[in-house]
Amino acid sequence: MNKKLFVLTVGLLLATGCSTVRTLDANQPGAPVVYSGTRLDLYAIQGGCCEKDRFGAEAPKYPMLDLPGSALLDTLLLPLSVLTVLGVGFQASGGM
């Protein structure tokens with residue numbers, strides 16, 4: 001029974017879409033970068049009206065389910081987010 005509940009929960013989480021992933025490629029001037037997915041979830045939970053205008057991405061259908069995963073991923077991406085806000089660019093090239 002616990003395994004079925006776990007699979008159902010994971011399935012719901014994957015079906016809702018991740019706010020962090022949605023906001024990574026949002027081309028919205030002035031959109032928040034640091035903890036953007038978490039902030040989008042909290043904005044949707046609080047009943048925000050215009051997430052597309054503010055964040056450049058649609059909020060997930062179930063933001064309460066998405067919030068823990070987005071918070072985790074935003075925390076993992078925090079160093080890159082801070083560098084982006086500070087305007088630090090990284091040009092990488094590879095190969096021979």
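The values are calculated or read from the model by the stated rules, or taken from the named source; none is laboratory data. Since we're looking at a predicted model, the values are computed, not measured. Methodologically, a virtual Cβ is constructed for each residue, glycine included, from the backbone with ideal geometry; neighbour enumeration extends over all protein chains shown.
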Next on the checklist: Pairs please, first residue from region 22-50 and surrounded by 13 or more Cβ atoms within 10 Å (Cβ to Cβ), second anywhere and assigned to a loop (DSSP other than H, G, I, E, B) and among the charged types (D, E, K, R), Cβ atoms under 8 Å, 6+ apart in sequence or on different chains.
Outcome noted: R22/E58
Next on the checklist: Just to be sure I understand, how many residues within region 33-72 are of a type outside the set (A, V, I, L, M) and assigned to a helix (DSSP H, G or I)?
Outcome noted: 16
Next on the checklist: Out of everything in region 1-21 that is loosely packed, with under 10 Cβ neighbours inside 10 Å and among the aliphatic types (A, V, I, L, M), what residue ends up being modelled with the lowest pLDDT?
Outcome noted: M1
Checklist entry - Which of (1) of a type outside the set (A, V, I, L, M, F, W, C); (2) in a loop (DSSP other than H, G, I, E, B); (3) modelled with pLDDT of 90 or more is the odd one out, the single condition Q91 does not satisfy? => result (3)
